[in-house]
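Read through the structure below, which is laid out as structure tokens, and then see the notes.
The values are calculated or read from the model by the stated rules, or taken from the named source; none is laboratory data. Computed from a prediction, not measured in an experiment: that's the story for all the values here. Here Cβ is always computed from backbone atoms with ideal geometry, including for glycine, and neighbour counts include all displayed protein chains.
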Amino acid sequence: MTPSAATFRSLSAFRVSASDLFIHARKEAILSKTLLSFRPQMRSEWLSILTAVYLLFFMNGTFWDKSSVLLKGDALALFALGIGLLAVFVAIIVTFSAKYLIKPVLIIILLSSVAGAWFMDRFGVIIDGEMIRNAMETNQAEAGHLITPAFILHMMLFGVLPSLFVAAVRIVHRPILRKVAVNLMIILPCLLVFGLAGFANSGTFIFNIRQHRDWFRTLNPVFPMASAAGFFIGQSKEQNIVVQPLGTDAKVADDTPVSHRKPRVTIVVVGETARAANFQLGGYGRETNPELSKRDIVYFQDTSSCGTATAVSVPCMFSVFGRKDYSHAKSLATENLMDVLKHAGVTTDWWDNNTGDKHVADRIQKTDFFTSNDPRYCAGGECLDQILVDGLDPWLDKVDRDTVLVLHQLGNHGPAYYLRYPEEFRTFSPDCRSVDFDSCTPETITNAYDNALLYTDHILSEVIDKLAAHGNRLDTAMIYMSDHGESLGESGLYLHGAPYMFAPTEQTHVPFVLWTSAGLQQSTGIDKPCLSDKADVPHSHDNLFHSVLGLMQVKTHVYDPTLDIFAACRNGVSS
């Protein structure tokens, strides 16, 4: 069959179209190649130096603010500090300027430094190992309060854009041996400059470091990245820890068996981020404890925490180790108060409305209320503390033996203080209704914080009332201790988590409330006036372990009566 003229025309048109397409593709390829040729081109050493300058002078606002204050009047020392640190920053970064390594390393350093700068400059925090532990153990809801639109914008402008530049730049690498030689020619003189700058002003630097040990802990990203490395090394060592038993000889030393007396019930309320400075019971000018003030309680005014963050304080509170001997590894490797109570035959339970029990309740009954979706109390992955209280009556109705229940509050966890209380407790106003403190005044931040304390006052009073209502069949007590305090702008600090050695008292001075029923006082021989007389004596988290054992009449070789707040006030004996 002979092809028609139309067919030839179609084939001809197809050839023309294909030819045009080929020409167009070539033009696109040439254009792309031309555009790629405009990519910035740089030697690895210069990219390292540029990054060092950016990190040291743009991501260290807190460090340079401190430096300018500490070295005020000594411009030469301040200049030497800048030159010396720039030299060592360059030396460190040039060390990683190898092919296939430099870009990922620089991008990781840039992003982590920008994030660190945000939290240090905004809240005055120091990113040490325990702060990293807190970040690793947080939940999505808690993290969401810190990842604000302002934070995301900050990360985009100062972290992502520089990282894109690093990714796009065409790095010119030398042959390997030449590269090593050039890198050494940069690193060694830089280390020499660093040493000379430090030596020439050693007296000034050593004096200020001794007096202000937090100074170089704000150097970003050196200290945060060193802390992260230490944390992950420690984590790897903790993977093989085997828990050692504690107090297996424990028993309830009571002349009257529980079948012939009322069961003893102690509820330990672990507060969150409540600072003693804002407790009306301790002399604060506002009525933040109107309900507790009407209850027959003892308030221990001078109580210090074990740590400044939940991940430290909560396991330390229940540990046999005092603050001076405590470590995270020890807490994992040793049973705690709840285990000793269990050995003694005391029923133990843990109700959590925070971010978890931090391994304290690993071997006992526990319930995580913060995972509830109860619309009455919960929204956005968090629940009001009322959810802990509403189940108490039916729970108490079933108690028929000595029992200790822990209620772990959400309390005053920041920065979203305004989410910690319902509308009817919005007494102090206007209150900060944002997680971005820059959009609030100091007064409104304090108002929101105090409203959350007011709500905790109500929760504790409800716990007391419910325990008292069951006094016909139970001897009851409530112990309230906050895990740590909070900074509300004092000295430029917000939130908590400062290293303990130089943490402000706002983060370590915590409220401690005790209520005991008349029946429990009688059955255990507790002298309530004696306890009240000792309310001004210094106490700490170290007292909790032994005081709960003493209150529940548990005897064991690990019990220390000198740390039991009841020991000196039992059976009318006072010392």
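Computed quantities for the displayed model
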quantity	calculated
Number of the exception - A276 against (1) within 30 Å of T308 (Cβ to Cβ); (2) not assigned by TED's automatic domain parsing to the domain that holds A468	(2)
Boolean, L405 is within 30 Å of V340 (Cα to Cα) and in a strand (DSSP E or B)	yes
Test: residue in segment 344-359 that is at pLDDT below 95, more than 25 Å from K555 (Cα to Cα) and part of a helix (DSSP H, G or I)	no
Residue pairs meeting the criteria (Cβ under 9 Å; at least 6 apart or on separate chains; first within 23 Å of T148 (Cα to Cα), in segment 436-457; second part of a helix (DSSP H, G or I) and β-branched (V, I, T))	F437/I445
Criterion: touching a Phe, Trp or Tyr at 6+ places or on another chain (Cβ under 7 Å) and either outside any helix (DSSP H, G or I) or surrounded by fewer than 19 Cβ atoms within 10 Å (Cβ to Cβ) (or both) - qualifying residue of V114, V105, V69, V53	V105
Scan of segment 370-382 for residues that are assigned to a strand (DSSP E or B) and touching a helix residue (DSSP H, G or I) at 6+ places or on another chain (Cβ under 6 Å), ordered by number	E382
Of the criteria (1) farther than 26 Å from G391 by Cα; (2) among the hydrophobic types (A, V, I, L, M, F, W, C); (3) in a loop (DSSP other than H, G, I, E, B), which one A274 fails	(1)
Segment 549-567 residues that are touching a residue at least 12 places away in the same chain (Cβ under 8 Å) and assigned to a loop (DSSP other than H, G, I, E, B), paired with ones that are of a type in the set (G, A, S) and surrounded by fewer than 16 Cβ atoms within 10 Å (Cβ to Cβ) (beta carbon under 8 Å, 6 or more apart)	Q553/A253
Residue pairs meeting the criteria (Cβ under 8 Å; at least 6 apart or on separate chains; first under 12 Å from I109 (Cα atoms), in segment 219-235; second at pLDDT below 90 and among the polar types (S, T, N, Q))	none
Residue match in segment 175-193 (condition: surrounded by 15 or more Cβ atoms within 10 Å (Cβ to Cβ), within 30 Å of M42 (Cα to Cα), in contact (Cβ under 8 Å) with a residue 24 or more places away in the chain and touching a Gly at 6+ places or on another chain (Cβ under 7 Å))	yes
Conditions (1) in contact (Cβ under 8 Å) with a residue 40 or more places away in the chain; (2) assigned to a helix (DSSP H, G or I); number of the one not met by I126	(2)
Test for P538: is it free of Cβ contacts under 8 Å to residues at least 60 places away in the same chain, assigned by TED's automatic domain parsing to the domain that holds N412 and not charged (D, E, K, R)	no
Segments classed as helices (runs of 4 or more DSSP H), wholly inside segment 138-230, with at least 2 members that are under 24 Å from the mean Cα position of the chain (by Cα) and under 21 Å from L50 (Cβ atoms)	149-155
Residue match in segment 325-338 (condition: in a strand (DSSP E or B) and either buried (at least 22 other Cβ atoms within 10 Å of the Cβ) or free of Cβ contacts under 8 Å to residues at least 24 places away in the same chain (or both))	no
